Amino acid sequence: MKKSIIVALIASLTISCGNNERFLTSASGSIYDCLVVCDESVQEPIRTTLGGDMYGLPQMEPYFTVSHVIPSQFDNYLKSSRNILEVEINPHQFTQTRASQSRDVWSKPQAYIRIQSSSKEEFMAYWAQNGEQIREWFVREELSRQIRFYRSDTNKSAREKLNKQGYDLLIQTDFMLIMDTSITVNGQEVKVLWSCNNKGPMRKDIVVWNYPYTAQTQFENESIIAMRNAVLGRLVTAQVPGSHMGTEYKHFPPVTRNVAALQDSIGGFYAAETRGLWKILDGEANSLFAQNA
């Protein structure tokens with residue numbers, strides 16, 4: 001789960017050297033914590049957006065755990081927080097709404113966004129239009145930190161096999177490789193790599209498959225789900241004869257979005273992200289149990 005990494009606060013001094021190099025304290029707070037610095041009058045829409053529930057999880061879980069302080073309480077201790085959104089509203093100082101983003105301002109790793117606006121009304125209008133994009137930026141910053149964390153702790157064998165197929169994926173060292181094969185689905189060869197950490201009720205599986213690109217429609221929701229059902233329906237079965245993995249549609253229908261904004265971070269590839277839940281079909285079709293897809 002995303003709450004599993006804790007970043008400890010290491011007390012140290014910020015020192016200025018002759019070459020202007022800064023030594024920053026380690027960021028305080030847990031993964032997906034966000035400190036919001038703003039007047040009470042505008043905090044509610046911010047909290048609603050940043051603290052909204054993620055889609056496609058087997059239980060409700062917010063994007064961020066949001067803490068709030070008013071500007072006068074934003075002291076040096078709080079400035080070490082890992083994610084900070086600061087909102088300044090001052091009609092005498094600002095004539096329009098502007099936002100800027102920075103990294104490692106007072107601590108490291110730190111993500112910081114500052115929004116300056118002339119009035120509450122102008123800020124509210126700006127947030128209604130840009131709040132989700134701001135949340136997405138903070139999410140990408142957290143993902144980048146996790147990538148750096150896992151890069152030194154990966155299953156080299158699985159990574160090498162994936163590299164031979166033309167892409168890179170960081171799989172943790174506690175994941176064992178349980179399948180590396182090819183199957184035929186709808187007349188196409190599909191290469192499959194399956195790894196698992198085998199930790200009982202905390203078990204996690206990563207299944208990677210690739211197949212030839214023939215049309216952009218393959219990135220549409222229906223096409224992605226159809227191939228997923230075809231591949232995993234063949235590979236994942238249950239104890240009851242005839243049962244197999246399928247997709248949950250009743251409670252959380254799967255949704256797909258293009259992630260063109262992430263192209264730079266993933267090497268310039270066109271990509272789509274699908275979120276949803278899986279469940280066992282046929283032999284255990286009446287089961288209400290669904291898992292994270």
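Brief remarks on what is shown
- Checking each residue in segment 38-72 for being of a type in the set (Val, Ile, Thr) and in contact with a Lys or Arg (Cβ under 9 Å, 6 or more places away or on another chain) picks out Val42, Thr49, Thr65, Val66.
- Output for segment 210-229, where each listed residue is touching a residue at least 40 places away in the same chain (Cβ under 8 Å) and among the hydrophobic types (A, V, I, L, M, F, W, C): Phe219, Ile224, Ile225, Met227
- When residues of segment 12-46 are limited to those that are open to solvent by 100 Å² or more (accessible area, probe 1.4 Å) and assigned to a loop (DSSP other than H, G, I, E, B), the one modelled with the lowest pLDDT: Leu13
- Restricting segment 81-110 to residues that are over 19 Å from Glu40 (Cβ atoms) and charged (D, E, K, R), the residue that is surrounded by the fewest Cβ atoms within 10 Å (Cβ to Cβ): Arg103
- Subset tally (residues that are assigned to a loop (DSSP other than H, G, I, E, B) and under 19 Å from Met54 (Cα atoms)) for segment 232-252: 5
- Of all residues in segment 47-80 being open to solvent by less than 20 Å² (accessible area, probe 1.4 Å) and of a type in the set (Gly, Ala, Ser), the one that is farthest from the chain's Cα centre (by Cα): Ser80
- For segment 111-209, the strands (runs of 3 or more DSSP E) that sit wholly inside it and include 2 or more residues that are open to solvent by 70 Å² or more (accessible area, probe 1.4 Å), free of Cβ contacts under 8 Å to residues at least 40 places away in the same chain and not β-branched (Val, Ile, Thr) are 176-185, 188-196.
- Hits in segment 218-249 - residues which are at pLDDT 85 or above and open to solvent by 70 Å² or more (accessible area, probe 1.4 Å): Glu220, Glu222, Arg234, Tyr249
- Checked against (1) of a type in the set (Lys, Arg); (2) under 25 Å from Lys279 (Cα atoms); (3) in contact (Cβ under 8 Å) with a residue 12 or more places away in the chain, Lys250 meets all criteria but (3).
- When the test is whether a residue is among the aliphatic types (A, V, I, L, M) and at pLDDT below 95, Leu85 does not pass it.
- Looking only at residues of segment 253-282 that are part of a loop (DSSP other than H, G, I, E, B) and either among the charged types (D, E, K, R) or at pLDDT 85 or above (or both), we find that the one that is surrounded by the most Cβ atoms within 10 Å (Cβ to Cβ) is Gly276.
The values are calculated or read from the model by the stated rules, or taken from the named source; none is laboratory data. It should be emphasised that the depicted structure is a prediction, and the values quoted were computed from it without experimental measurement. With ideal geometry, Cβ positions are generated from the backbone for all residues, glycine too; neighbour counts draw on all protein chains shown. What goes into the accessible areas is simple: the full protein's heavy atoms, side chains included, and nothing from ligands, DNA or RNA. Shrake-Rupley method; radii C 1.70, N 1.55, O 1.52, S 1.80 Å.
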